[in-house]
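Below you'll find the structure, written out as structure tokens, and then a few comments.
Bear in mind these aren't lab numbers, they're just calculated from the coordinates by the rules spelled out. None of these values were measured; they are calculated from a predicted model. Positions of Cβ are backbone-derived with ideal geometry, glycine not excepted, and every protein chain shown enters the neighbour counts.
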Amino acid sequence: MKKVDHIGIAVRSLEETLPFYTNILGFACIAIEEVLSERVKVAFLDATNMRIELLEPTDSTSAIAKFIEKRGEGIHHIAFQVDSIEKRISEFKINGIRMLNEVPKEGAAGAMIAFIHPKSAHGVLYEICEKKPLEGNDSD
């Protein structure tokens, strides 16, 4: 694991939630995008040493909508950045870790992602993500 990449927070409405994070906490909103495959709209906030990812469901059948219905708004997952997502998934499986995604899929900002099943992680939903290298930037 390279570092904590982001913390995903499920929210009912970005429009209602963003002012708290930007005006009160002082985080800059660096991007908003829709991830069609996950049926969510995502706002990325710069929290200096990592990002906060606000996740608003765009469909009542999305995983985020179901999470909010069952648990309410709040922390949904913690994401760790990895160098080789396929290798990490393989290592987890060899060690008996149950994956929600045994094959990486595309997530927000073009990253490849996979989730570890919370039952294998003591009740916490962890995401691993492999980001595309930025052109001209080897430090990410």
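Annotations
- Annotation: the residues I128, I30, I75, I89, sorted from fewest to most other C-beta atoms within 10 Å of their own C-beta, follow the order I30, I75, I89, I128.
- Counting beta carbons within 10 Å around each of H6, H117, H77, H122 and listing the fewest first gives the order H122, H117, H77, H6.
- Percent of beta bridges antiparallel (DSSP, the chain, rounded to nearest 5): 75
- Paired Rg and Dmax values of the chain, which use every Cα atom, in angstrom: 15.0, 45
- Cα-based radius of gyration of the range 1-75 once divided by 2.2 N^0.38 Å, which approximates compact folds: 1.07
- Mean-position separation - Cα centroids, the range 2-22 and the range 80-116, in angstrom: 22
- Using C-alpha pairs under 8 Å with a sequence gap of at least 6, the mean separation divided by the residue count of the chain gives a relative contact order of 23 percent.
- Within the listed set A121, A43, A109, the Gaussian network model of the chain (springs between alpha-carbon atoms below 10 Å) gives the highest mean-square fluctuation for A121.
- Here is how the number arises for the chain: DSSP H runs of 4 or more residues each give -39500 (n - 2.57), the sum is divided by the residue count, and the result at 222 nm is -5000 deg cm²/dmol.
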